[in-house]
Amino acid sequence: MSVILALIIAFIPWVKALFVTSSHTPHIRQAPDDQPALSFIMDFTGYVGAASVPFGLLLLGATLGRLKLKKLYPGFWKSAALLVILRQCVMPIFGVLWCDRLVKAGWLSWENDKMLLFVIVIDWALPTMTTIIYFTASYTPVDATETVQIDCVSFFLMLQYPLLVVSLPFLVTYFLKVQMKM
């Protein structure tokens, strides 16, 4: 809903002028502080938005801190291990190939877009989003006696980080030395 509301505000010049001033917005009377009338909403959302990353890390730490691996589905460790190997070892190869294809297609260049290519390849090597633990934890009842789903999610996430210690430095070294020739 917020994206739809933001698009509506952005595409109607008179409404957009209530929040920000630019060369594309009509001139309307400003508030007493020479700012648009609703600019305080932009300030508030910027202030609250800056706290979203630390707040998310606090939630993740609190959720992981109270987890206890009591029970997993039978054979879950095999599928989790396979998914972790695919995610941490195979996906970075696709990332390197994707960056190479972007350069060969002419969309990016090794000379001008080094940092962008580096960020793209790093994104292919990062672990699964930790938002899955937020969703699983939020949909688990507070008084639940069996929390097999959250145990499985936490087990899956905890398998990824030890392998990340090996796979990410290997990818970064390969990409810098071989692909970027630094």
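The values are calculated or read from the model by the stated rules, or taken from the named source; none is laboratory data. Everything quoted here is computed from the prediction, not taken from an experiment. Cβ atoms come from the backbone with ideal geometry, glycine included; neighbour counts cover every protein chain shown. Accessible surface is based on the protein model in full, side chains and every heavy atom, while ligands, DNA and RNA are left aside. Shrake-Rupley method; radii C 1.70, N 1.55, O 1.52, S 1.80 Å.
What the phi angles of the stretch 26-31 give under the Karplus curve with 6.51, -1.76 and 1.60, with θ = phi - 60°, is a coupling list of x, 7, 10, 4, 8, 6 Hz, glycine and proline written as x.
Here Lys104 sits with roughly 130 square angstrom of accessible surface, probe radius 1.4 Å. With the simple spin-label model, which puts each label point 7 Å out from Cα in the Cβ direction, the Leu83 to Thr128 separation comes to 0.3 nm.
For the residues Met158, Met42, Met91, a GNM of the chain with alpha-carbon springs under 10 Å puts the largest fluctuation on Met42. Straight Cα distances below 24 angstrom link Lys104 to the lysines Lys114, Lys177, Lys181, with same-chain residues fewer than 8 positions distant left out.
With every protein chain in place and a 1.4 angstrom probe, the accessible-area ranking of Val15, Val3, largest first, reads Val3, Val15. Largest accessible area first, the residues Asp143, Asp113 order themselves as Asp143, Asp113 under a 1.4 Å probe with ligands, DNA and RNA left out. Cross-link partners for Lys78 among the lysines, with Cα-Cα distance under 28 Å and sequence neighbours closer than 8 places in the same chain left out: Lys68, Lys70.
Once the Cα gyration tensor of the stretch 14-93 is diagonalised, what are the square roots of 5 times its eigenvalues, in whole Å and ordered largest first, as equivalent ellipsoid semi-axes?
In descending order, the three semi-axes are 50, 19, 9 Å.
Computed 3J(HN,Hα) for the stretch 7-14, one whole-Hz value per residue from the Karplus formula 6.51 cos²θ - 1.76 cosθ + 1.60 where θ = phi - 60°, is 5, 4, 5, 5, 8, 9, x, 5, glycine and proline marked x.
A probe of 1.4 angstrom, applied to the heavy atoms of all protein chains, finds Phe40 with accessible area near 130 square angstrom. When +1 charges are put on Lys and Arg Cβ atoms and -1 charges on Asp and Glu Cβ atoms, the dipole computed for the chain relative to its Cα centre reaches about 600 debye. Estimated from helical segments only, the mean residue ellipticity of the chain at 222 nm is -19500 deg cm²/dmol, where each DSSP H run of four or more residues counts as -39500 (n - 2.57). List the relative contact order of the chain as a percent without decimals, with contacts defined as Cα pairs under 8 Å and 6+ residues apart. It comes to 21 percent, rounded to a whole number. Where q = 0.18 Å⁻¹, what log10 of I(q)/I(0) comes from the Debye formula for the chain, counting one point per Cα? At q = 0.18 Å⁻¹ the computed log10 ratios are -1.09.
For the chain, the share of accessible area belonging to carbon and sulfur comes to 72 percent (1.4 Å probe, ligands and nucleic acids excluded).
Shape class of the stretch 39-131 from the alpha-carbon gyration tensor: oblate, with a/c at 1.5 or above and b/c at least as large as a/b. Shape summary of the stretch 96-182, radius of gyration then Dmax from alpha carbon positions: 18.4, 57 Å. Using heavy atoms of the protein chains and a probe of 1.4 Å, the accessible area assigned to Leu163 is about 50 Å².
What accessible area per residue comes out for the stretch 35-182, rounded to a whole number of Å², with a 1.4 Å probe?
Computed with neighbouring chains in place, this is 67 Å² per residue.
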